[in-house]
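Each remark here refers to the structure printed beneath this line.
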Amino acid sequence: MGEDLEQLKQRLPLLDYLRQQNWTGRPAGQGPEFVGLCPLHRETRPSFYVNARKNLFYCHGCGQGGDLIRFVELSQHLSFRPSLTYLEQQSALADPAAVLRQASAFYQQQLDRYPEAQRYLEQRGLHDPALIRELQIGYAPGGNLRRHLLAQGYSLGLLKRTGLVNPQGHDALFQRVVFPCCRDSHIVNLYGRSINTAFTHRFLPGSKGDLVAWESVRQFPTVILVEGMFDLAVLWQAGFRHATCSLGTHLTSDQFRQLCDRPRTVYLTFDVDANGSGQQAAQGLAHRLRAQGITTRRVLLPPGHDPNSFFVQGGDAPQFHSFLEAAQL
Ligand SMILES: [Zn+2]
């Protein structure tokens, strides 16, 4: 209990909480103190002090003081336990992970309501509704997320900090198919694939997270690495459940470590594009992986293809299997 309380107070610092409640304070001198009008009694000259380092407040006007819990007891007229419950709710509303989860859930609900999104998934060869749910694919039509999240009690400031809403106050993702990006199974980002041609790929600010679905893929002694979410989706649909995705040809250091977390064979299946950049990236990565004791194979698809376009244009599982078998060291 005592420890939970400390964690709660760290998660939701008193000053942040007060600012969420629209309290404005100015620095009182050089230290960690802020001063403003007291929210607990009527006054015209500021006498309410908050020490951000100690996480405590004191009012010279009404003589009240204490920590965050005490402040909630006084301002909400609640006893101790209900104050804690109230603060747990408030802290969830200040949690970027929670708001990303809500946004992802909202976008998943939108998917069925917009025929253009359905059409796009079909164009990309994705037709298994169970798989679409499993991959938590959603659709951001644009223009309705902000209202939804504000109604749930999230602050506009938080929506802007996570990048869900841009600095101008509009939904950042607009006409995009949305995939959640996870770390340790928690959503840390959203990837939006435009259903139009403009600005094809977009992430919110911050990390792109783990290799996709790594929790389930890591158990396989052999994995297929692809660069795009739609590559992964069609491979899973065709039964290649040991495929994972790095969301681009550049792996983060965390993603690289994940591939190396045990001896395994990695089939690098990057695009075979005209300028050779996919294959160049695959070669560089293969080199670095081998230095870590990982066996690598480079899968060569027909020129101009990635796994997604291969399946969309009629390729099937046995054919793809033959590419794996023909893959070069
Ligand atoms: Zn006061």
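The values are calculated or read from the model by the stated rules, or taken from the named source; none is laboratory data. Because the structure is a prediction, the values reported are computed rather than measured. Note that we place each Cβ from the backbone using ideal geometry, even for glycine, and neighbour counts take in every protein chain shown. When the accessible area is computed, the model is the full protein with side chains, heavy atoms only, and any ligands, DNA or RNA have been set aside. Shrake-Rupley method; radii C 1.70, N 1.55, O 1.52, S 1.80 Å.
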Q: Go through (1) on the phi < 0 side of the Ramachandran plot; (2) open to solvent by 80 Å² or more (accessible area, probe 1.4 Å); (3) of a type outside the set (Ser, Thr, Tyr) and name the single condition LEU159 misses.
A: (2)
Q | Those residues of region 170-182 which are touching a helix residue (DSSP H, G or I) at 6+ places or on another chain (Cβ under 8 Å), open to solvent by 10 Å² or more (accessible area, probe 1.4 Å) and in a strand (DSSP E or B), in sequence order | A | ASP171, PRO180
Q. Within the bounds of region 121-130, is there any residue that is open to solvent by 40 Å² or more (accessible area, probe 1.4 Å) and under 29 Å from ARG161 (Cα atoms)?
A. no
Q: From (1) under 19 Å from LEU121 (Cα atoms); (2) open to solvent by 10 Å² or more (accessible area, probe 1.4 Å), pick out the condition that doesn't hold for CYS245.
A: (2)
Q | Selection count, region 293-315, where residues are in contact (Cβ under 8 Å) with a residue 60 or more places away in the chain, assigned to a loop (DSSP other than H, G, I, E, B) and of a type outside the set (D, E, K, R) | A | 1
Q. Scanning for something away from the ligand (no atom under 16 Å from the Cβ) and at pLDDT 90 or above, does region 34-49 turn up at least one residue?
A. no
Q. Of all residues in region 58-72 being in contact with a strand residue (DSSP E or B) (Cβ under 7 Å, 6 or more places away or on another chain) and hydrophobic (A, V, I, L, M, F, W, C), which is farthest from the ligand (Cβ to nearest atom)?
A. PHE71
Q | Condition met for ARG81 (over 26 Å from ILE187 (Cα atoms) and of a type in the set (Lys, Arg)) | A | yes
(Q) For the condition more than 12 Å from the ligand (Cβ to nearest atom) and farther than 30 Å from GLY315 by Cα, what is the one hit in SER91, SER75? (A) SER91
